[in-house]
1. Could you pull out the residue among B:228, B:222 that is within 14 Å of another protein chain (Cβ to nearest Cβ) and over 23 Å from residue A:101 (Cβ atoms)?
2. Do you know which of the residues in the stretch B:226-258 that are crowded, with 20+ Cβ neighbours inside 10 Å and out of contact with any strand residue (DSSP E or B) (no Cβ under 7 Å at 6 or more places or on another chain) is nearest to residue A:93 (Cα to Cα)?
3. Here are the criteria: (1) farther than 22 Å from residue B:127 by Cβ; (2) modelled with pLDDT under 95. Tell me which single one residue B:33 does not satisfy.
4. Given the residues B:103, B:129, which is the only one that is at pLDDT 95 or above, closer than 21 Å to residue A:224 by Cα, within 14 Å of chain A (Cβ to nearest Cβ) and under 18 Å from the mean Cα position of the chain (by Cα)?
5. Just one of (1) under 30 Å from residue A:109 (Cβ atoms); (2) outside the structural domain of residue A:104 (by the TED database); (3) touching a residue at least 24 places away in the same chain (Cβ under 8 Å); (4) touching a strand residue (DSSP E or B) at 6+ places or on another chain (Cβ under 8 Å) trips up residue A:201, so point out which.
6. Residue by residue through the stretch A:184-206, note down the ones that are farther than 17 Å from residue A:147 by Cβ, in contact with a helix residue (DSSP H, G or I) (Cβ under 7 Å, 6 or more places away or on another chain) and in a helix (DSSP H, G or I).
7. When you look at residue A:190, is it away from chain B (no Cβ under 14 Å) and within 14 Å of residue A:28 (Cβ to Cβ), yes or no?
8. Quick check: is even one residue across the stretch A:6-16 touching a helix residue (DSSP H, G or I) at 6+ places or on another chain (Cβ under 7 Å), closer than 24 Å to residue A:226 by Cβ and crowded, with 21+ Cβ neighbours inside 10 Å?
């Protein structure tokens, strides 16, 4: 039977990674879980994010996934090491691919990371970037308003433009040449962010590099889909199915998506 | 103690992969072995290529590498599956990364693969490409003269231009939009190949994508170098050290390289 690749996120952000995986691996089946009811994860304590990430992982493991992508930077920073140790399928996050992509792009090794409060506090990006290249200079900027702008579906609006301009003001007139979208929600704001920062700054969506890593690891572990059975993607959310559906259909270019509502934690059946 | 990443090739071709790895992972130590004395591998039988690849792998394993890159398409096609099963360190080849990079680049999914006779006969590229995307159309073209043009140091000469033009004539006026350099020697001819094929055809050197895979797998296995000890790259060849040195210094932009001559097979101490 066809086995899916599992994706988990605090909400809809991980769909930006799914989009790239569907492009690079069109015959793979996707199971996605967005914990919209408890979004945002950014301001929460690492222990709580680990607990939630563990609950999401087990929900998808129970449905038979062959690989897990923690498609959320906050959860990657707080939980990747532990979840990888606990599960016996390949588990990857988005911080390492994002760092790799940024270092490939940057010409002067001056990189800024935009992220949630949790991701910035964790210093996961500066650590990952400096591990790959000791010479890199990294600035981190928390953009706590971005996630709610995206989750509310306002990511193309005038509000989005205003929030982006206010939040990214510290990056104007610096020598930074590469900015990492260190939260999987932020690629939905990418056109506005690029427009604000100008053509000299490369804006990195870690989705493409994460998709390449998914492809490489599936191959390495002999888990690439061999074709055959019909693909049936499944999308789960702990929050509103209608908001999720609108955004997912717009972003993924899919139609008539069926979104399943589920419960996690004390209210759910684990 | 610092552990190196091992690279093996039939000759100097794998240096095109090393170049990208040094760019993406500047703090990693490299051990490289080119089996120049028995180059080219392309026309040899798969069983013989497997035997030679096994000898090269063990030479580097004995020197304590933490990961092995089969930086040769012919050897990847003939030996990757077996060598991966036999060794207890991560082992990757160049065909899967090359396929991934080509599919990311192509807009019409019409791809040509240039390779040695051995690689073309193995059908490793069409299989890898179609496994990732069933819709792709693949043409294969053996270019048996390319390796000796490169190994003889003639890769910028008028001879190289003539050989490229004659070999790639079948690709002129086709709808192919992406060409994979399916032999690690060929990137040294890339400027001439691009010039002949024109701006509408993307020419894929699998080195960059292979380097990304090396980085991803080292991270996944917790093997990224943590800094500290001084880096001492080592380069071994079974052939002429002076030809190897000239080409390696030109290609890698290094100076005063020390190339070590070794013997493999019946003549060597395994």
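The values are calculated or read from the model by the stated rules, or taken from the named source; none is laboratory data. In this text, all values refer to a predicted model and were calculated from it rather than measured experimentally. Cβ sites come from the backbone with ideal geometry, for glycine too, and all protein chains shown count toward neighbours.
1. On the way: B:222 fails: over 23 Å from residue A:101 (Cβ atoms).
After applying the criteria, what remains is B:228.
2. Our first condition is that a residue be crowded, with 20+ Cβ neighbours inside 10 Å; within the stretch B:226-258, this holds for B:235-238, B:244, B:247-248.
Retained after the next criterion (residues that are out of contact with any strand residue (DSSP E or B) (no Cβ under 7 Å at 6 or more places or on another chain)): B:238, B:247.
Working: B:238: 41, B:247: 39 Å.
It comes out as B:247.
3. All conditions are met except number (2).
4. On the way: B:103 fails: under 18 Å from the mean Cα position of the chain (by Cα).
Result: B:129 is the single residue among B:103, B:129 that is at pLDDT 95 or above, closer than 21 Å to residue A:224 by Cα, within 14 Å of chain A (Cβ to nearest Cβ) and under 18 Å from the mean Cα position of the chain (by Cα).
5. If we test residue A:201 against (1) under 30 Å from residue A:109 (Cβ atoms); (2) outside the structural domain of residue A:104 (by the TED database); (3) touching a residue at least 24 places away in the same chain (Cβ under 8 Å); (4) touching a strand residue (DSSP E or B) at 6+ places or on another chain (Cβ under 8 Å), just (2) comes out false.
6. Of everything in the stretch A:184-206, those that are farther than 17 Å from residue A:147 by Cβ, in contact with a helix residue (DSSP H, G or I) (Cβ under 7 Å, 6 or more places away or on another chain) and in a helix (DSSP H, G or I) turn out to be A:196, A:197.
7. Working: away from chain B (no Cβ under 14 Å): yes; within 14 Å of residue A:28 (Cβ to Cβ): no.
It is false that residue A:190 is away from chain B (no Cβ under 14 Å) and within 14 Å of residue A:28 (Cβ to Cβ).
8. Yes; the residues of the stretch A:6-16 include at least one that is touching a helix residue (DSSP H, G or I) at 6+ places or on another chain (Cβ under 7 Å), closer than 24 Å to residue A:226 by Cβ and crowded, with 21+ Cβ neighbours inside 10 Å.
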